[in-house]
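Peer 1: This is the structure, below, for whatever I ask next.
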Amino acid sequence: MDRSSAEILKQLLVDNWRDCGLVLLDTEGKVLSWNAGAKGLLGYEEADAVGQPFAHIVPPESLDEGGAPLSLSKARRFGRHEEICRRTRRDGAGLEVREVVIPLRDPQHNLVAFGLMMQALEATRAGATAPAVQPATRSPKVLLVDDEEIVRVMAVHQLEDLGYEVLHAASGPEALDILKRDESIDVLFTDVIMPGMDGGRLAEEARTIRPDIRILFTSGYFEHALVERGNIKPNANLLVKPYQRRDLARMMNRILARDVVDTQERAWLSKGGAPSPEEARVDLARV
């Protein structure tokens, strides 16, 4: 596995991701990594799951002739597989989950592992019925940009569960092409460290197309390090990976609430006053 993939998997497969079960499997379906979300969903401790075939915790009817989960066979063949399926908890109870399997390949395109994400269907339905932002006429539209497919898949599901309409791109140039075609995008949500055009440069180019677009950055690095490296400017809206669903919801609400603050500030300034300290502290979607 190349260093970039290893680093992103290290960020993803940690206990902070409690909203989703995140599992790393070898090419034969044996568990290599098991996070707290997977433990919460299926009841197995990390020590009990790692090293064991994932087939031990899936119903027999979902295995192929070789005894491996059918979802792995489909992902190996088609590149990505998503389905609603049933999984069996350690206590024997059945659980309906949304499951996404993504094959992970090295630079020579050799299959080295599978990334698997599980989310309880009840949780996804609850998220869909309680969006973070109540739209007046339409759901806010987000353009998500990340060069790592497994990260894009997870972020898309989180945003959709929060009630947003989501477009996604794997690179800066691809994102700019989408922005040129779609004037209804409200937020650009982009990873900072990407090959070629990084997130900071993408944000600058995006504002030449859409000066009013809101920008949200995400990265495994903290703001100080990114500012020192020149990737972003100080006081940017930054969500540090790994983030939880509620952190994403709060940040999106904060960015999209800027319209309300603008109205308040204009009313205040029209009376000859200055913004209150609370208003002055609100971060703009500018960087």
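The values are calculated or read from the model by the stated rules, or taken from the named source; none is laboratory data. The model shown is predicted, which means the values in this text are computed figures rather than measured ones. Cβ sites come from the backbone with ideal geometry, for glycine too, and all protein chains shown count toward neighbours. Remember, those area values only see protein heavy atoms, side chains included, never the ligands or the DNA or RNA. Shrake-Rupley method; radii C 1.70, N 1.55, O 1.52, S 1.80 Å.
Peer 1: So which of 155, 225, 132, 175 ends up being within 30 Å of residue 50 (Cα to Cα) and either modelled with pLDDT under 95 or of a type in the set (Gly, Ala, Ser) (or both)?
Peer 2: Working: 225 fails: within 30 Å of residue 50 (Cα to Cα); 132 fails: within 30 Å of residue 50 (Cα to Cα); 175 fails: within 30 Å of residue 50 (Cα to Cα).
Testing whether each residue is within 30 Å of residue 50 (Cα to Cα) and either modelled with pLDDT under 95 or of a type in the set (Gly, Ala, Ser) (or both) leaves just 155.
Peer 1: Against the definition (open to solvent by less than 30 Å² (accessible area, probe 1.4 Å), in contact with a Lys or Arg (Cβ under 7 Å, 6 or more places away or on another chain) and more than 17 Å from residue 152 (Cα to Cα)), how does residue 213 come out, yes or no?
Peer 2: Working: open to solvent by less than 30 Å² (accessible area, probe 1.4 Å): yes; in contact with a Lys or Arg (Cβ under 7 Å, 6 or more places away or on another chain): yes; more than 17 Å from residue 152 (Cα to Cα): yes.
Yes, satisfied.
Peer 1: Go through (1) outside any helix (DSSP H, G or I); (2) open to solvent by 80 Å² or more (accessible area, probe 1.4 Å); (3) within 19 Å of residue 96 (Cα to Cα) and name the single condition residue 39 misses.
Peer 2: (1)
Peer 1: Something else now. Out of all the residues in segment 142-174, which are farther than 25 Å from residue 22 by Cβ and open to solvent by less than 20 Å² (accessible area, probe 1.4 Å)?
Peer 2: Once the filter is applied, which keeps residues that are farther than 25 Å from residue 22 by Cβ and open to solvent by less than 20 Å² (accessible area, probe 1.4 Å), segment 142-174 yields only 172.
Peer 1: Kindly evaluate residue 190 against the criterion of being of a type in the set (Ser, Thr, Tyr) and part of a helix (DSSP H, G or I). Break it down into steps so the answer makes sense when it comes.
Peer 2: On the way: of a type in the set (Ser, Thr, Tyr): yes; part of a helix (DSSP H, G or I): no.
Judged against the criteria, residue 190 is not a match.
Peer 1: Taking the condition of being touching a helix residue (DSSP H, G or I) at 6+ places or on another chain (Cβ under 9 Å), buried (at least 16 other Cβ atoms within 10 Å of the Cβ), small (Gly, Ala, Ser) and farther than 30 Å from residue 247 by Cβ, how many residues in segment 63-77 meet it?
Peer 2: Matching residues across segment 63-77 total 1.
Peer 1: If only one of 106, 91, 26 is loosely packed, with under 14 Cβ neighbours inside 10 Å, out of contact with any helix residue (DSSP H, G or I) (no Cβ under 6 Å at 6 or more places or on another chain), within 21 Å of residue 154 (Cα to Cα) and charged (D, E, K, R), which one is it?
Peer 2: Working: 91 fails: within 21 Å of residue 154 (Cα to Cα); 26 fails: loosely packed, with under 14 Cβ neighbours inside 10 Å.
Exactly one residue qualifies, and that residue is 106.
Peer 1: Mind listing whichever residues of segment 223-240 are in a helix (DSSP H, G or I) and out of contact with any Pro (no Cβ under 6 Å at 6 or more places or on another chain)? Please lay out each step first, then the result.
Peer 2: First pass over segment 223-240, keeping only residues in a helix (DSSP H, G or I): 223-229.
Passing the criteria: 223, 224, 225, 226, 228, 229.
Here's the yes/no breakdown for (1) assigned to a strand (DSSP E or B); (2) in contact (Cβ under 8 Å) with a residue 40 or more places away in the chain; (3) of a type in the set (Phe, Trp, Tyr); (4) touching an Asp or Glu at 6+ places or on another chain (Cβ under 9 Å):
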site	(1), (2), (3), (4)
142	yes, yes, no, yes
150	no, yes, no, no
153	no, yes, no, yes
158	no, yes, no, yes
163	no, no, no, no
168	yes, no, no, yes
176	no, no, no, yes
179	no, no, no, yes
195	no, yes, no, yes
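Peer 1: Still on this structure, please answer the following. Just one of the numbered conditions (1) out of contact with any strand residue (DSSP E or B) (no Cβ under 7 Å at 6 or more places or on another chain); (2) surrounded by fewer than 19 Cβ atoms within 10 Å (Cβ to Cβ) is not true of residue 242; which one?
Peer 2: So residue 242 meets the others, but not (2).
Peer 1: Further question on the same structure: Under 7 Å by Cβ, and 6 or more places apart or on different chains, what pairs join a residue from segment 51-70 that is within 20 Å of residue 103 (Cβ to Cβ) with one that is assigned to a loop (DSSP other than H, G, I, E, B) and open to solvent by 50 Å² or more (accessible area, probe 1.4 Å)?
Peer 2: Pairs that qualify, where the first residue is within 20 Å of residue 103 (Cβ to Cβ) and the partner is assigned to a loop (DSSP other than H, G, I, E, B) and open to solvent by 50 Å² or more (accessible area, probe 1.4 Å), are 68/28.
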